[in-house]
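Below is one structure, written out as structure tokens, with a few remarks after it.
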Amino acid sequence: MRALVFLFLLFFAVNPSVADELLAGAGKVDITRPGEDAGSNPPMVKALVLSQGETNVVLITLDAVAIAEIGSIRDPYLADVRKALSESFGIKANSVLVNASHCHALVADDIVARTVQAVMAAWESRVPVKAGAGVGHEDRIMENRRLVLKSGAVADVRHAYALPPDDEVAAVGPIDPRIGLLRFDRVDNGQPLAVVYQFACHPIQGVPSGGNTADLTGFASQVIEANLGDGTATALFLQGCGGDINPVLYKSATLPRDGQMHGNQLGLSALKGLRQIKTGDDAPIHISREILTLPRADLAPRIAEMEKEIDTLVESLKGTKLNFDTFLPLYVKYHVNGDYPSEAAGRYLQDELLKKEDWKTLDETNQAALDAYLRNIRVMEELTRKQINLALLERHQARRTGAGASVTAEVVGLRVGEFRLVTFPAELTVEVGFGIREKSPHPLTFVSGYTNGYHYYAPTPEQMKNRGGAQEDSDCLLDLDWYGSFESSALKLLQGL
């Protein structure tokens, strides 16, 4: 008997996570900027606090575009939140993970106070829970915005400039349909207390009015909270690797821009996966981080190249006999009736009978003028794309000159039971997430950008060969060596989780 007791005590001594009960609490606070009403879909800050023995994890999600750099949340937001949580609750700085959904909501100036308020509500409401992890699937609401052209170049889909012509597009990039899921059920009554759903999207669809909104992920959270259990659970959205993802039909000129449809679909897909998760007692938690020093890219050579490319395009513009007023009706006529565009068929047949080519010659002249005008349009559209992306390169090069040749980036690894998460403070592309996930030793591994800071876009080294062609590559301050450092750090953290 004594031997059994000794073995029992020894087992829990070397496995403290088994002996320690998992506690969880959730809180949320409206962060709508005063005077910028968001209607039924206000931006929120939500907090999930997990405690197990001496370990605490604080997961904060924000309906905001980013943590510093762009949008209204500015430095030292993260440092101020961590300081307040340390002073109020003794929570260590490296236990706090803050993820921005990347929606473009307008948030209140007192965002630090509201964030701390959400964490306080979560901290004070902790109760014993069971946890479980799983995956959902959604592939209807998003598309990769990178377009591979027949020339081998890559363009992207943005409102800032025109799409490349359809006859130049050869392929599109991939999407990631996996929804990473975490579910926490109360021990006392079995009801869901909180859920976390992680997904790669770009919540920039907005609402038809163009007003303030938490966008599609806010709508998705509402669907989950209203339909899971007794309706008291808090749903926290974690942005994944959405850097090169757009909402489907993002450029449509025939449909209102409305994130609610996309959000409803995402919410229902997450619900389907959440309902299949069975929660249990065995859910050890762990959080760790590593601070990387990463090189800024020297963009001066590429800037010089693009300036020459722009000069060449300008020189390729040629004069035409048409202006827009004469081009448009001709273009319509020659596309409505390619055989007899200028007059009725009888006039052409009369020419044939008389062995004349008057109408044929007119058509050849008009078609040549149309082709010349269209060539100019395509050149001007390409000029627009290049000039806008060149401005992004120039901005980052100026920052390199003023702020130095390197930046620091916080990489975080989080474990909750079988769920593993690794984060980075930039807009990661889908391919970055695929690369880490494929090498991870854990089946339920997920990668999130937009976390604990913001360093603009972070594409793969292969994608960065396209500097100046797409926003993800142009709005990137990092040198291509960043990826090797991040991959090494992420895999090391995952090995230790």
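Round to the nearest 10 and give me the degree value, 0 to 90, for the angle of helix 358-403's Cα axis relative to the longest principal axis of the chain.
30
If one takes the longest principal axis of the Cα atoms in the chain, at what angle in degrees, from 0 to 90 and to the nearest 10, does the Cα axis of helix 430-439 lie?
So the inclination is approximately 40 degrees.
Placing unit charges on C-beta atoms (Lys and Arg positive, Asp and Glu negative, everything else neutral), compute the dipole magnitude of the chain about its Cα centre in debye, rounded to 20. Show your work: numbers first, answer last.
Details: 49 positive and 63 negative charges, 199 e Å.
It comes to approximately 960 debye.
Once amide H atoms are built 1.01 Å from N in the peptide plane, which residues 5 or more positions from ILE245, or in another chain, come under 5 Å H to H?
Correct list: ARG145.
Sort the following peptides by mean Cβ neighbour count (other Cβ atoms within 10 Å, averaged over residues), highest first: 413-424, 463-474.
Packing proxy ranking, top to bottom: 413-424, 463-474.
Place +1 on the Cβ of every Lys and Arg and -1 on the Cβ of every Asp and Glu in segment 118-277, take the dipole about the Cα centre, and give the residue among ALA133, GLY267, ALA253 whose Cα lies farthest towards its positive end.
So the residue furthest toward the plus end is ALA133.
Please give the contour-minus-distance gain from GLU309 to ALA403: 0.36 nm per residue of separation, less the Cα-Cα distance, rounded to one decimal in nm. Write out the running numbers ahead of the final one.
Numbers: separation 94, 0.36 × 94 = 33.84 nm, distance 2.83 nm.
In short, 31.0 nm is gained.
Read phi for every residue in segment 329-346 and hand back ³J(HN,Hα) as whole Hz from Karplus 6.51 cos²θ - 1.76 cosθ + 1.60, θ = phi - 60°, with x for Gly and Pro.
x, 5, 4, 5, 4, 7, 9, 6, 9, x, 7, 9, x, 8, 8, 5, 4, x
Express in nm, to one decimal, how much length is gained between LEU249 and ALA113 on full extension, taking 0.36 nm for each residue of separation and deducting their alpha carbon distance. Let's see the in-between values first.
Working: separation 136, 0.36 × 136 = 48.96 nm, distance 3.75 nm.
Difference between extended and current length: 45.2 nm.
In whole Hz and in residue order, list the ³J(HN,Hα) couplings for segment 448-456 that follow from phi through the Karplus curve 6.51 cos²θ - 1.76 cosθ + 1.60, θ = phi - 60°; x for Gly and Pro.
10, x, 6, 10, 6, x, 7, 10, 6
Could you state the angle between the C-alpha long axis of helix 259-274 and the longest principal axis of the C-alpha atoms of the chain, as a value from 0 to 90 degrees rounded to the nearest 10?
With both axes taken from Cα atoms, the answer is about 40 degrees.
Among THR320, GLN397, TYR373, whose Cα projects farthest towards the positive end of the dipole of segment 300-403, with charges put on the beta-carbon of Lys, Arg (+1) and Asp, Glu (-1)?
Farthest along the dipole direction, towards plus: GLN397.
Multiplying the sequence separation of ASP230 and HIS159 by 0.36 nm and subtracting their Cα-Cα distance, what value in nm do you get? Mind dumping the intermediate values first?
Working: separation 71, 0.36 × 71 = 25.56 nm, distance 4.12 nm.
Result: 21.4 nm gained on full extension.
For MET142, enumerate residues with amide H under 5 Å from its amide H, sequence gap 5+ or separate chain, H modeled in the peptide plane.
Close amide H contacts, sequence-distant or interchain: VAL248.
Going down the table (LYS251/LYS386; LYS150/LYS308; LYS251/LYS272; LYS150/LYS251; LYS130/LYS272), which pairs top 27 Å between alpha carbons?
Details: LYS251/LYS386 19 Å; LYS150/LYS308 22 Å; LYS251/LYS272 29 Å; LYS150/LYS251 21 Å; LYS130/LYS272 19 Å.
Beyond 27 Å: LYS251/LYS272.
Which order do peptides 39-48, 344-353 fall in by mean Cβ count within 10 Å, highest first?
Numbers: 39-48: 22.6, 344-353: 12.2.
Averaged packing, sorted descending, gives the order 39-48, 344-353.
Assigning unit charges at the beta carbon (Lys, Arg +1; Asp, Glu -1) and nothing else, what dipole magnitude in debye, to the nearest 20, does segment 35-181 show about its Cα centre? Before the final figure, lay out each step's value.
Values: 14 positive and 19 negative charges, 107 e Å.
Here the size comes out at about 520 debye.
So if we plug the beta-carbon distance of ARG74 and ASP20 into 1/(1 + (r/R0)^6) with R0 = 41 Å, what FRET efficiency do we get, rounded to 0.05?
Working: r = 38 Å, r/R0 = 0.93.
The calculated FRET efficiency here is 0.60.
In nm, to one decimal, how far is the THR365 label point from the ARG257 one, both placed 7 Å along Cα→Cβ?
4.5
Under unit Cβ charges (Lys, Arg +1; Asp, Glu -1), what dipole magnitude, rounded to 20 debye, does segment 300-403 have relative to its Cα centre? It would help to have the intermediate numbers written out before the result.
Details: 16 positive and 18 negative charges, 120 e Å.
My answer is approximately 580 debye.
I'd like the FRET efficiency for VAL332 and ARG140, computed as 1/(1 + (r/R0)^6) with the beta carbon distance as r and R0 of 41 Å, rounded to 0.05. Intermediate results must be reported in sequence, preceding the final value.
Numbers: r = 35 Å, r/R0 = 0.85.
In this case the efficiency is close to 0.75.
Amide H of ARG289: which non-local residues (sequence gap of 5 or more, or other chain) have their own amide H closer than 5 Å, using H built in the peptide plane?
Under 5 Å from the amide H of ARG289: GLY413.
Coordinate-derived values only; no laboratory data. What you are looking at is a predicted structure, and each value in this text was computed from that prediction instead of being measured. Glycine also receives a Cβ, built like all others from the backbone with ideal geometry; neighbour counts cover every protein chain displayed.
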